[in-house]
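Contents: one structure, followed by commentary.
Every number here is computed from the coordinates shown, using simple stated rules; none is lab data. What you see is a predicted model, and the numbers here were worked out from it, not measured in a lab. Methodologically, a virtual Cβ is constructed for each residue, glycine included, from the backbone with ideal geometry; neighbour enumeration extends over all protein chains shown.
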Amino acid sequence: MSTRRILLKRGALAAFSAAVFNFVVLRPAAAMAMMSKKQAAYQDTPHSGEQCAACCMFIPGDPGHCTMIGGVISPHGWCKFWQAGPNDTCS
Ligand code: SF4
């Protein structure tokens, strides 16, 4: 077998291993494609007293993130999937 074929097989094996690691080891929410802000009806302002800072899917940080919605998430934002609870506990 040529060196090139061996390298290609090793590359394919490494890619497959990384994919398996993503789906088995990482949290399912992190491995899945993130939902867009538009799909979630995300807004940068609170809604009826609800905001990301009090949502169980919010991941505090600078910037903040969400286990379900992709991109930077404001602690003062909100989306239609808001769920009360301590941050990063319902993913
Ligand atoms: S799921 Fe929660 S933390 Fe994520 S964007 Fe919606 S309200 Fe914010």
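Going through the stretch 70-90 one residue at a time, which ones are near the ligand (Cβ under 7 Å from one of its atoms), of a type outside the set (S, T, N, Q) and under 14 Å from Cys56 (Cβ atoms)?
Ile73, Trp78, Cys79, Phe81, Trp82 - these are the residues of the stretch 70-90 that are near the ligand (Cβ under 7 Å from one of its atoms), of a type outside the set (S, T, N, Q) and under 14 Å from Cys56 (Cβ atoms).
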Fill in: Every residue from the stretch 36-69 that is near the ligand (Cβ under 9 Å from one of its atoms), assigned to a loop (DSSP other than H, G, I, E, B) and under 15 Å from Asp88 (Cβ atoms)
Cys56, Met57, Gly64, Thr67, Met68
Practice prompt. Would you please name the residue that is farthest from the chain's Cα centre (by Cα), looking only at residues in the stretch 47-91 that are surrounded by fewer than 17 Cβ atoms within 10 Å (Cβ to Cβ), more than 13 Å from Met35 (Cβ to Cβ) and among the hydroxyl-bearing types (Ser, Thr, Tyr)?
Written response: Ser48
